[in-house]
Amino acid sequence: MAATAPQAAPFFLGNVTRHVEGRRFFSRHTLRSPARIAARDAVQRYVREPRAAGSKLLPALLANYLGGVAGYTSVLFLVAIEHHAGELEMFPDPGPDETPDQYYTRQFRATRNFVRCPKIDNFLERILTEEVAFENRPDFRIFYGGLDTHIEHHMFPDLPPNRQREIAQAVRAIAARHGLSYHETLLLESIRMFLKAVTGLSTPLGEREFGRPLRLLAQPISLARRLAFGVAYKSLPDAPYLDKPGFHNVRVKVLSSNSVANGQARWVRLQKPRGWDDVRWDAGAFVSVRVEVGDEALVRQYSLVHDSDGSDAMEICIKRVAGGRVSNRLNDTLRAGKYVTLVGVPASTGGLAMTTVPRKSLFIAGGVGIIPIFSLIRKIAREATDSDAVLLYFNRDDRSIIFERELREIADRSGVRVHYFTDKPSDRRDITQGQLSQILIKRYVRDASDRETYMCAPPAMIDLAERDLRGVGLDPAQFHTESFTPPNLTRPADDGRRYTVRFRRSDRSVEIDGATTLLEAAGRAGIRVPTGCERDLCRACVTPKLSGTTQLEAAGAPLDRITVCNSLACADIELDL
Ligand SMILES: Cc1cc2nc3c(=O)[nH]c(=O)nc-3n(C[C@H](O)[C@H](O)[C@H](O)COP(=O)(O)OP(=O)(O)OC[C@H]3O[C@@H](n4cnc5c(N)ncnc54)[C@H](O)[C@@H]3O)c2cc1C
Ligand code: FES
């Protein structure tokens, strides 16, 4: 690794970034920029400069190579020290909702400054002054590249090293004011602490032997067992950084994958990621799945087939959509042993929230809308077998029915009544050709007005059902719905007002009306924001807002982090983009 450091380092950093963003390593998006940097460096280091050295081409070539290896290796080593020596903490990816306070606290707790070593400085000075006659002795801290003030760098990443040093006392005072440790040790002491921490992580020592490792030699069986465990240990292909659980852009393993509904859908069991034992979700919740297609990261939502009490794994069912970019790819590629990226922990639109099991309920599912409905029914079957529940399940034809066997088992066990309907005629006697209507509801569910009703279907079908159910006397408050087509954003009519959206980091501004989303404004300014659903479901686009007001805040508290995909300006806005 060290021998290839100048060319390998950009790829190393690219790999860190793509871990954070949950991308694949072998993709154009991940590799393009490191490849460009490594190639530019190689041309400069191994072609241009040696050629300019004329007759000293070979020594220049060798010196450039060794200088590069030494420089990059020492930078990587110093950065490792600054994040792993002593009692420094490591944190899982905090995700987009981390507040600025939490962010800055994390930087203090995870970073160390070192105090430079006079012996090393004097050594460097001796070598340099032999080569160069300095009029003024330079500040030898330049050789640490600003890494000696790493805490300040994390607090103010845009400051150059000399400015970082100027503010170091003020930053130390801030840490003291907030009761945070300002980690700073002598360089050699930091190296010792780092080696101790790394050795502790990589040798088979337990707490009992810590500080007295030779004791282990007196326990050969224990030593052999630990070594065998170490040899057999296989890290995940995308091992979470030093074994910390992740909650955002997490790669999860496919445990099993089965084709259902005559190949029209795939039922996939996903392993709950490590550290997710306490993550809970209600029936009707969904996960956001991220897939890379070329340079684009596409995020789609998939409902979980059960609530968190229902299974140790996470199960989703993905129906093929004609021309769909993600559903077909997942159907074609998700197989046992593969991995898929989840954007975050399960969430819910709240549309189908069923906190307590109702005494009498009616479920209506249109096609793939059965998936969240199925998880509600499973909950009823598990928690209240005496509950009176009816399911009306509509499909295009009898080959599209999902979960049929499982629904039959639930019906046998818990008494949930299931009625199947199809658009096309079917030879089966348990399937009726028909579409949702008031007549159909009255025939199959005479007491529909008494029932808490849950429906998941395309929006047009939900609109019809709402009308029909109102016709049979159902109180609208008892009608709970969700559609897989995210709701359209309500955009106000143009009242002539214009707002300036400023993007502070990019130093760009655009003017927009009150009907243009901030995501669209960023697009106009040529700024790329990671997105997923573009309808306030996945939180992929959460962005810090520095000033201004959006329509999201009109009725509630001011927000300092907003989903730009559904935010409209009500005043001039400044974003941290
Ligand atoms: C809360 C929620 C839960 C969900 N749960 C599930 C679930 O459990 N199971 C499930 O299967 N799905 C579920 N979905 C739907 C899922 O998220 C995807 O929308 C679905 O899989 C289609 O994605 P896709 O990428 O394959 O299709 P897309 O590529 O998004 O295309 C969707 C449709 O638009 C058409 N289209 C795409 N681009 C264009 C274009 N440029 N011009 C014209 N037409 C175009 C396509 O032909 C296709 O018909 C859920 C959605 C939500 C919001
Ligand atoms: S893109 Fe999903 S919340 Fe904005």
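Each value in this text was obtained by applying a stated rule to the coordinates, not by laboratory testing. Predicted model, so just to flag it, every value in this text is computed and none were measured. As a convention, Cβ positions derive from the backbone with ideal geometry for all residues, glycine included, and neighbour counts pool all protein chains shown.
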> Counting only DSSP beta bridges with both residues in the chain, what percent are antiparallel, rounded to the nearest 5?
Replying inline: 55
> What whole number of Å gives the distance from the Cα centroid of segment 348-372 to the Cα centroid of segment 241-281?
Replying inline: 22
>> Semi-axes of the equivalent ellipsoid for the chain, please: Cα gyration tensor eigenvalues, times 5, square-rooted, ordered largest first, whole Å.
In response: 56, 30, 23
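Do me a favour and compute the ellipsoid semi-axes for segment 363-482 from its Cα gyration tensor, root of five times each eigenvalue, largest one first, whole Å. Please report the intermediate quantities before stating the final value.
Working: eigenvalues 77, 69, 34 Å².
The answer is 20, 19, 13 Å, longest axis first.
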>> Given Cα positions, please report Rg to Rh for segment 84-224, the hydrodynamic radius being the Kirkwood one.
In response: 1.10
> Measuring from the lowest to the highest alpha carbon on each principal axis, how far does segment 250-342 reach, largest first, in angstroms?
Replying inline: 37, 32, 24
> Considering only Cys117, Pro94, Phe134, whose Cα is most displaced toward the positive end of the charge dipole of segment 92-140, charges sitting on Cβ of Lys, Arg (+1) and Asp, Glu (-1)?
Replying inline: Cys117
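Kirkwood Rh, Cα Rg: Rg to Rh for segment 499-575?
0.91
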> Label points 7 Å out from Cα along the Cβ direction at Asn162 and Arg359: separation in nm?
Replying inline: 8.0
> Using the beta-carbon distance between Thr485 and His29 and R0 = 25 Å, what value does 1/(1 + (r/R0)^6) give for FRET efficiency, to the nearest 0.05?
Replying inline: 0.30
> Dipole of the chain, Cα-centred, from +1 at each Lys and Arg C-beta and -1 at each Asp and Glu C-beta, to the nearest 20 debye?
Replying inline: 1700
> Given a Förster radius of 56 Å and the C-beta distance between Ala515 and Arg137 as r, what FRET efficiency does 1/(1 + (r/R0)^6) yield to the nearest 0.05?
Replying inline: 0.35
>> Using square roots of five times the C-alpha gyration tensor eigenvalues, list the equivalent-ellipsoid semi-axes of segment 431-577 in whole Å, biggest first.
In response: 42, 15, 13
> Over what distance in Å are the Cα centres of segment 521-577 and segment 146-196 separated?
Replying inline: 33
>> Tell me the angle of helix 220-232 to the major Cα principal axis of the chain, expressed in degrees between 0 and 90 and rounded to the nearest ten.
In response: 70
> P(r) of segment 2-188 in 10 Å steps, Cα pairs, percent per bin?
Replying inline: 8, 26, 34, 23, 9, 1, 0
> Length gain on complete extension for the stretch Ala557 to Arg325, per 0.36 nm per residue less the alpha carbon to alpha carbon distance?
Replying inline: 79.7 nm
> Per residue of the chain, what 222 nm ellipticity follows from adding -39500 (n - 2.57) for every DSSP H run with n ≥ 4, rounded to the nearest 500?
Replying inline: -11000 deg cm²/dmol
